[in-house]
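The values are calculated or read from the model by the stated rules, or taken from the named source; none is laboratory data. Bear in mind the structure is a predicted one, so any value in this text is a computation, not a measurement. Neighbour counts run over all protein chains shown; Cβ positions are idealised from the backbone, glycine included. Side chains included, ligands, DNA and RNA excluded: accessible areas come from the protein's heavy atoms. Shrake-Rupley method; radii C 1.70, N 1.55, O 1.52, S 1.80 Å.
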Amino acid sequence: VALASSTAAVGSPRDDETDTDTGSVYVYALNGTTWTLEDKLTAPDPHEFKQFGFALDLVDEGLVAGAPFDRELGWDAGAAYVYQKPAGGWASATESLRLVASDSVFSDSFAESLALGDTLYVFGGMTVRKDHLEHTRIDYSADTYALAPAGATAGEWHRLRRRGELPA
């Protein structure tokens, strides 16, 4: 769930309208004292288990929805979708940008978590990998990506990576 000003967004990552767990985001507007459904957003490229809307946030007139199990760059590599509220309201909103990590690989789950600020977008992902025998490996990685959406550093990615070990 995300709330900004008079707009609320509710993720439904297990929505099955297009296929199993493709996901969706319901966008509501506050009119007086009543919340009214303005639109149901879905990924423009749905596939089963994508879980669009798993994570989301709103800032000003923009919304970003995470789909951590997107498969374009590899199984569960993840993606985020950026929407801008058009002058006519959310009912006419379409995806304006699709974001992925340039170094995404199998099971990175990019955009499993995300947060938006006025000058910075931050995306997280978590990976627990399996070895060739399908046993969970003892290491994991948590990746964090920061993106400047506007201004002098627009489109510039900053990446932090943390490695550790799972408890025995």
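Things to note:
- Test: residue in region 17-25 that is under 19 Å from G124 (Cβ atoms), open to solvent by less than 10 Å² (accessible area, probe 1.4 Å), free of Cβ contacts under 8 Å to residues at least 60 places away in the same chain and in contact with a strand residue (DSSP E or B) (Cβ under 9 Å, 6 or more places away or on another chain): yes
- Hits in region 39-84 - residues which are of a type in the set (D, E) and either open to solvent by 60 Å² or more (accessible area, probe 1.4 Å) or in contact with a Pro (Cβ under 6 Å, 6 or more places away or on another chain) (or both): E48, D60, E61, E72
- Verdict on A111 being surrounded by 13 or more Cβ atoms within 10 Å (Cβ to Cβ), on the phi > 0 side of the Ramachandran plot and modelled with pLDDT of 70 or more: yes
- Unique match (being more than 29 Å from S5 (Cβ to Cβ) and at pLDDT 65 or above) among D139, D143: D143
- Pairing each residue of region 38-52 that is closer than 7 Å to T22 by Cα with any residue that is aromatic (F, W, Y), provided the two are 6+ apart or on different chains, yields C-beta distances under 6 Å for F49/F69; K50/F69; Q51/F69.
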